[in-house]
Amino acid sequence: MGMFQLGYVYTATNQTASTLDVQFGLTSKEDQKLYHTVIGSSAVLGAAIGSFAGGKLIQFGRRRMMLVFNVVGVVAVGLTLILNVYAICLGRLVFGFCGGIFGVALPRMIEETVPQRLLGPFGIVTNLSVNTGGLVAILMGAGLPESA
């Protein structure tokens with residue numbers, strides 16, 4: 001689920017950009033471009049930071065870190081529900097950070113728990129999960145109304 005969440009957070013605002021334009025009253029192309037870039041890239045920045053921090057944090061226990069950062073991720077998603085650009089960016093940054101931790105911890109957990117002969121088939125699970133998360137975000141966005 002952690003990698004699924006990471007794929008979801010990477011693509012979640014792509015489909016909602018026009019809705020955010022209306023909610024924040026963005027009419028100029030420059031403002032739209034700035035807001036879309038800042039909101040969209042905050043999760044990627046968080047994931048990069050989380051990936052770097054993940055190596056150190058998983059030393060405290062992979063399972064423990066997965067549980068802790070799933071709870072932190074829930075709080076981060078709650079922040080994105082506040083209709084404020086700073087809250088959305090902070091929530092996405094923190095959620096991306098959690099996703100970066102998942103990206104480090106999950107492959108290690110699979111490597112340590114799956115028998116050697118099954119590592120090949122199980123190795124695709126992380127990449128498949130990221131792509132499935134992105135696909136779900138895009139499909140959910142297909143139901144949004146057209147922009148005015």
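Each of Thr132, Thr27, Thr11 was scored by other Cβ atoms within 10 Å of its Cβ. Listed from fewest to most, they are Thr27, Thr132, Thr11.
Ordered by the count of other Cβ atoms within 10 Å of each Cβ, fewest first, Ile39, Ile110, Ile82, Ile101 give Ile82, Ile110, Ile39, Ile101.
Whole-Hz Karplus values for the range 115-124 come out as x, 3, 5, 9, 4, x, x, 6, x, 7 Hz, taken residue by residue from phi with 6.51 cos²θ - 1.76 cosθ + 1.60 and θ = phi - 60°; glycine and proline positions read x. Over the residues of the chain, the helix contribution to mean residue ellipticity at 222 nm works out to -29500 deg cm²/dmol, using -39500 (n - 2.57) for each DSSP H run of at least 4. For the range 2-141, the alpha-carbon radius of gyration amounts to 1.13 times the rule-of-thumb value 2.2 N^0.38 Å expected for a compact globular protein. Magnitude of the charge dipole for the chain, about its Cα centre and with charges confined to Cβ atoms of Lys, Arg (+1) and Asp, Glu (-1), is about 560 debye.
Each reported figure results from applying straightforward, stated rules to the coordinates on display, with no laboratory input. Here the structure is a predicted model, which is why all the values come from computation and not from measurement. So basically every Cβ, Gly included, is an ideal-geometry build from the backbone, and we count neighbours across all protein chains shown.
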